[in-house]
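As structure tokens, the structure follows; a few thoughts come after it.
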Amino acid sequence: MEQLRRFNEVCDALERGELRVAEKKAGRWTVNAWIKEIILQGFRYGKLKDMSEGVFAFYDKDTLSPRSFSESDGVRIVPGGSAVRRGAYLAPSVIMMPPSYVNIGAYVDSGSMVDSHALVGSCAQVGKNVHIAAASQLGGVLEPVGALPVIIEDNVFIGGNCGIYEGTLVRENAVIATGVVLNASTALYDAVNGRYIRAASDGRLEVPENAVVVAGSRPVRKGPGAAEGIHIYTPVIVKYRDAGTDASVVLESLLRD
């Protein structure tokens, strides 16, 4: 079938890093919607298959098998239950701690670490030297095909138990502290400049370069909630990255050798 042939060709190119679901051109991220359309065809035309290994039972579409690696790929996948799905790219020197998962269409660039219980969702784009700490999730964005996926630019540190969803863009060198959740409906407060940052007209929240974001809240101003002292979750930019911040988030160099 022509559709399946094209799907396999695109997945092969994605795995080699020759194609990307989203690309940065002249400082602006754009989505290659046609790639997402072809990925969706793989779900549509695949047939359920038993992919069980040992004591672990897996049943998925035969077009979406786990990706295999060789020593020449230069990727460290530490034993303990991690998996990478077909059509995902991991650059040489990427480290996956167990158990973690990278979904189809995702791109993880060199020097990055996907820590234990972390998820890189479908089509998410992760830059160089990014640390995705334990139990954090980058949401998948396959549909609508024209929507940008979650994008994490170079040198970003994402603390444990964070959730970044709905096409959120985290700019270079940002630090996302433990437990922060960011999505299209999140109001991010910049305490340095005294302003709220909300999703743009395209529905995408953007975290500024060098921002240090922590979990916070703001009081409800109207209605019964105000009288009860109810607060709404609001992540806060408490400062912009400096030498002190760099020292607190640096990764042990031995882990990357």
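The values are calculated or read from the model by the stated rules, or taken from the named source; none is laboratory data. Since the model is a prediction, treat every value here as computed from it, not as a measurement. Positions of Cβ are backbone-derived with ideal geometry, glycine not excepted, and every protein chain shown enters the neighbour counts. For accessibility, only protein heavy atoms count, side chains too; no ligands or nucleic acids. Shrake-Rupley method; radii C 1.70, N 1.55, O 1.52, S 1.80 Å.
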Practice prompt. Residues being farther than 15 Å from Glu153 by Cα and touching a His at 6+ places or on another chain (Cβ under 8 Å): count how many of those fall in region 83-122.
Written response: 3
Practice prompt. Select from region 30-60 the residues that are touching a residue at least 12 places away in the same chain (Cβ under 8 Å), touching a Pro at 6+ places or on another chain (Cβ under 9 Å) and of a type outside the set (Gly, Ala, Ser) and list them in ascending order.
Written response: Val31, Lys36, Met51, Asp60
Worksheet item: Which one of Gly160, Gly203 is at pLDDT 95 or above, in a loop (DSSP other than H, G, I, E, B) and not charged (D, E, K, R)?
Response: Gly160
Item to complete: Please state which one of Glu9, Glu23, Glu37, Glu53 is of a type outside the set (A, V, I, L, M, F, W, C) and under 22 Å from Gly111 (Cα atoms).
Response: Glu23
Response to the item:
By residue number, the members of region 211-252 that are surrounded by fewer than 16 Cβ atoms within 10 Å (Cβ to Cβ), hydrophobic (A, V, I, L, M, F, W, C), assigned to a loop (DSSP other than H, G, I, E, B) and at pLDDT 90 or above are Val220, Ile230
Worksheet entry | Candidate set from region 130-146 (those that are more than 11 Å from the chain's Cα centre (by Cα) and surrounded by 19 or more Cβ atoms within 10 Å (Cβ to Cβ)); member that is farthest from Ile95 (Cα to Cα) | Leu142
Worksheet item: Given the conditions (1) modelled with pLDDT of 95 or more; (2) on the phi < 0 side of the Ramachandran plot; (3) surrounded by fewer than 20 Cβ atoms within 10 Å (Cβ to Cβ); (4) not small (Gly, Ala, Ser), which single one is not true for His117?
Response: (2)
Worksheet item: For the subset of region 17-29 comprising residues that are touching a residue at least 24 places away in the same chain (Cβ under 8 Å) and in a loop (DSSP other than H, G, I, E, B), which member is farthest from Val170 (Cα to Cα)?
Response: Gly17
Discussion item. Scan region 121-128 and tell me whether some residue there is at pLDDT 95 or above, outside any loop (DSSP other than H, G, I, E, B) and of a type in the set (D, E, K, R).
Written reply: no
Practice prompt. Those residues that are hydroxyl-bearing (Ser, Thr, Tyr), farther than 21 Å from Ser68 by Cβ and either within 19 Å of the chain's Cα centre (by Cα) or not in a helix (DSSP H, G or I) (or both), I need them from region 30-57; list them, please.
Written response: Thr30
Fill in: Pro79 being open to solvent by 40 Å² or more (accessible area, probe 1.4 Å) and either among the hydroxyl-bearing types (Ser, Thr, Tyr) or part of a loop (DSSP other than H, G, I, E, B) (or both)
yes
Fill in: Restricting region 164-200 to residues that are assigned to a strand (DSSP E or B) and touching a Ser or Thr at 6+ places or on another chain (Cβ under 7 Å), the residue that is surrounded by the most Cβ atoms within 10 Å (Cβ to Cβ)
Val175
